[in-house]
Amino acid sequence: MAFPQQVRIVEVGPRDGLQNEPGPIIPTETKVTLINRLAEAGVRHIEAASFVSPKWVPQMGDATAVMAGIDRRAGVTYSALTPNVKGLEGAIAAKASEVAVFSAASEAFTQKNINCSIAESLERFVPLIEQARDAGIRVRGYVSTVLGCPYQGEIDPAQVAAVSRELIDMGCYEVSLGDTIGTGTPLKAKKMLEVVAKEVAMDRLAAHFHDTYGQALANLYAVLEEGIAVIDSSTAGLGGCPYAKGASGNVATEDVLYLLQGLGIETGIDLQAVVDTGHWITRELGRHNGSKVALALGECRR
Ligand code: HMG
Ligand code: MG
């Protein structure tokens with residue numbers, strides 16, 4: 001199969017990246033600046049915040065203030081993660097352009113992450129999706145642990161397909177397939193996607209790969225060949241998952257952009273501007289920059 005001509009990047013650094021930062025709470029202003037810089041760089045879809053319990057994820061406790069602080073650019077989707085109706089209400093009040101719900105292909109992971117079974121998590125989404133529809137807000141769905149679970153180990157692709165199908169049937173416009181702990185390898189990713197694509201059309205699927213084992217770019221290449229045209233990534237490879245021990249950040253946006261440029265695939269994003277943003281945010285956080293491309297290109301301070 002031919003590669004797509006264009007790929008939509010969903011930048012998840014401000015949410016998936018920052019939610020897991022250890023240490024002191026990151027100032028709201030820093031989060032706002034990160035989001036604004038990414039939008040200026042040409043990113044058209046930014047997961048900006050998470051309306052979850054601050055007891056569970058303290059770094060996202062200022063979601064309302066973050067959403068209020070950003071400069072809204074025309075044509076940019078500012079989405080928010082919402083685990084339940086309470087989260088949705090917060091996201092609507094904060095004028096999120098879109099929300100995302102999350103479940104998993106693993107029972108054990110779902111228990112640890114959102115304190116309920118897969119079936120219960122899907123039930124919680126019924127009123128959420130209904131209310132979002134009434135408010136004119138699109139809902140994206142995540143399925144975590146699609147290529148392995150920290151508690152359960154191997155995951156049957158048929159289970160990934162079933163949960164993905166359910167999310168689409170419930171009203172999600174797209175399902176993002178999360179290799180939460182980054183244990184996947186290209187052949188496994190390809191085979192999983194083939195099974196899922198029998199239940200959900202390829203143009204409604206996205207890849208959300210963490211880079212724990214350094215396989216994320218190879219896995220992305222494999223699923224691009226299969227027809228995936230939406231990729232979630234995180235500037236400077238920020239992040240991890242608080243409920244998946246040892247999980248490192250998402251694949252770095254800079255590295256994905258470089259790969260896509262080499263394949264002649266359009267994204268509309270200025271690579272150097274994202275590289276500069278990655279260097280700036282890692283300085284602010286006092287952490288290592290997880291993008292090899294960013295380290296190779298260096299910072300261009302204008
Ligand atoms: P629970 O304890 O089962 O729920 O948590 P509860 O309904 O009993 O509520 C407990 C407390 O949380 C109550 O407060 C609620 O008001 C409050 P209290 O009475 O104790 O003071 N609460 C909320 N507060 C703010 N916003 C809300 C909200 N809901 C309840 N929306 C719950 C259930 C889902 C809320 C909890 O488990 C939670 O927030 N978990 C966080 C999960 C999370 O954020 N995980 C990380 C994101 S998922 C991810 O990273 C994976 C992904 O990237 C894909 C991949 O990589 O695979 C998406
Ligand atoms: Mg994630």
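The values are calculated or read from the model by the stated rules, or taken from the named source; none is laboratory data. Computed from a prediction, not measured in an experiment: that's the story for all the values here. Every residue, glycine as well, gets a Cβ built from its backbone with ideal geometry; the counts of neighbours run over all protein chains shown. All accessible areas refer to the heavy atoms of the entire protein, side chains included, with ligands and DNA or RNA removed. Shrake-Rupley method; radii C 1.70, N 1.55, O 1.52, S 1.80 Å.
For the pair Ala74 and Ala201, the difference between a 0.36 nm per residue extended length and the Cα-Cα distance amounts to 42.9 nm.
Computed about its Cα centre, the charge dipole of the chain is approximately 400 debye, with only Lys, Arg, Asp and Glu carrying charge at their Cβ. Think of it as helices only: each DSSP H run of n ≥ 4 in the chain is worth -39500 (n - 2.57), and spread over all residues that comes to -12000 deg cm²/dmol at 222 nm. Go ahead and set up a Gaussian network model of the chain, Cα springs under 10 Å, then flag whichever of Gly184, Gly87, Gly268 fluctuates most. Checking each option, the largest mean-square fluctuation is seen for Gly268. Taking the DSSP bridge list for the range 8-270 and keeping only pairs wholly inside it, about 5 percent are antiparallel. With point charges of +1 on the Cβ of Lys and Arg and -1 on the Cβ of Asp and Glu, referenced to the Cα centre of the chain, which listed residue (Ala91, Gly262, Gly148) lies farthest in the positive direction of the dipole? Highest projection toward the positive end goes to Ala91.
Express in nm, to one decimal, how much length is gained between Lys292 and Asp156 on full extension, taking 0.36 nm for each residue of separation and deducting their alpha carbon distance.
Details: separation 136, 0.36 × 136 = 48.96 nm, distance 3.22 nm.
Length gained, Lys292 through Asp156: 45.7 nm.
Taking only protein heavy atoms and a 1.4 Å probe, what accessible area per residue, in Å², does the range 49-175 have with all protein chains in place? Kindly include the intermediate steps, with their values, before the conclusion.
Numbers: 5270 Å² over 127 residues.
For the range 49-175, the per-residue accessible area is 42 Å².
Any idea what the alpha-carbon Rg over 2.2 N^0.38 Å comes to for the range 1-86? It would help to have the intermediate numbers written out before the result.
Values: Rg = 13.9 Å, N = 86, 2.2 N^0.38 = 12.0 Å.
Scaled against compact globular proteins, the figure is 1.16.
Given a cut-off of under 8 Å on Cα pairs at least six residues apart, what relative contact order in percent is computed for the range 17-160? After rounding, I find 20 percent.
Out of the total accessible area of the chain (probe 1.4 Å, heavy atoms of protein only), what percent is carbon and sulfur? Don't skip to the end; give the middle numbers.
On the way: 6250 of 12220 Å².
The value for the chain is 51 percent carbon and sulfur by accessible area.
Of Met192, Met170, the residue with the largest accessible area leads and the full order is Met170, Met192 (1.4 Å probe).
Accessible area, 1.4 Å probe, largest first: how do Lys191, Lys95, Lys55 sort?
Details: Lys191 115, Lys95 140, Lys55 185 Å².
Descending order: Lys55, Lys95, Lys191.
Calculated on C-alpha atoms, the gyration radius of the chain divided by its Kirkwood radius gives an Rg/Rh of 0.93. The residue among Tyr213, Thr277, Gly13 whose Cα reaches farthest toward the positive pole of the charge dipole of the chain, with charges on the beta-carbon of Lys, Arg, Asp and Glu, is Thr277.
When the label point is put 7 Å from the Cα of Ala119 along its Cα-to-beta-carbon vector, which residues of the range 148-188 have a backbone N closer than 17 Å? Of the residues in the range 148-188, 159-160, 162-164, 166-167 have backbone N under 17 Å from the label point off Ala119.
Largest GNM mean-square fluctuation across Gly42, Gly23, Gly237, computed for the chain with C-alpha springs under 10 Å, falls on Gly23.
Tell me, in nm to one decimal, what length is gained between Glu40 and Glu299 on full extension, where the rule is 0.36 nm per residue of separation less the Cα-Cα distance?
Additional length available on full extension: 91.6 nm.
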